[in-house]
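Remarks on the structure that follows.
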Amino acid sequence: MTPTTSPNGSASPSEPHETVTTGTGPVGWKAASPSSSTRSGGLQPAHELGVPGPDQGEAAADASYVEHFKTELARVLLDLRKKRGWSVYDLEECADVSRSTLSRIERAEVSPTMTVLVKVCLAYGCSVSHLMAEVEARQPVPGCPATSVPLSE
């Protein structure tokens, strides 16, 4: 080991993991302050950064659409299970997804991850796109007129 000079000027052995500190913490660390973007461990909301957000009416409509979509997805998944005469236990075995997760999805308490959605669709023998088309057929897409051209054309 070679001697180095510490912040107070005295010689000390060099350590591989030595950290030089200052009055505010280790060198290179940003001191926490009210202006820091890391408050509460998260990012600042866009409106606090000066980024314009959607109109409150649009935001409410979007939130309503998302909630309705989640509810319709839950109904479609429940209908698929009931049409097959399966219990949640049967679906758990076929899809390798826990009963509690499946039940919470069917009650629209949570949204399924893509992985869970794919597993459930494989168990039912349908594609994710077919399932989504069924859900979307039950509700209008916001901002799209009823006579709009389908995406497949």
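The values are calculated or read from the model by the stated rules, or taken from the named source; none is laboratory data. Worth saying up front: this structure is predicted, and the values here are computed from it rather than measured. Here the Cβ is made from the backbone with ideal geometry for all residues, glycine too, and neighbour counts use every protein chain on show. Areas reflect the complete protein model, heavy atoms only, side chains present, ligands, DNA and RNA absent. Shrake-Rupley method; radii C 1.70, N 1.55, O 1.52, S 1.80 Å.
Taking the stretch 94-136 as the range and being open to solvent by less than 60 Å² (accessible area, probe 1.4 Å) and outside any helix (DSSP H, G or I) as the test, the residues that pass are Val97, Ser98, Ala108, Val110, Pro112, Cys126, Ser127. Restricting the stretch 63-99 to residues that are among the acidic types (Asp, Glu) and under 15 Å from Ala133 (Cα atoms) leaves a set whose member that is nearest to the chain's Cα centre (by Cα) is Glu72.
Could you list, in sequence order, the residues of the stretch 74-87 that are over 12 Å from Ala123 (Cβ atoms) and touching a Leu at 6+ places or on another chain (Cβ under 8 Å)? Answer for the stretch 74-87, where residues must be over 12 Å from Ala123 (Cβ atoms) and touching a Leu at 6+ places or on another chain (Cβ under 8 Å): just Val76. If we keep just the residues of the stretch 59-93 that are modelled with pLDDT of 95 or more and of a type in the set (Phe, Trp, Tyr), which is most open to solvent (accessible area, probe 1.4 Å)? So the residue we want is Tyr89.
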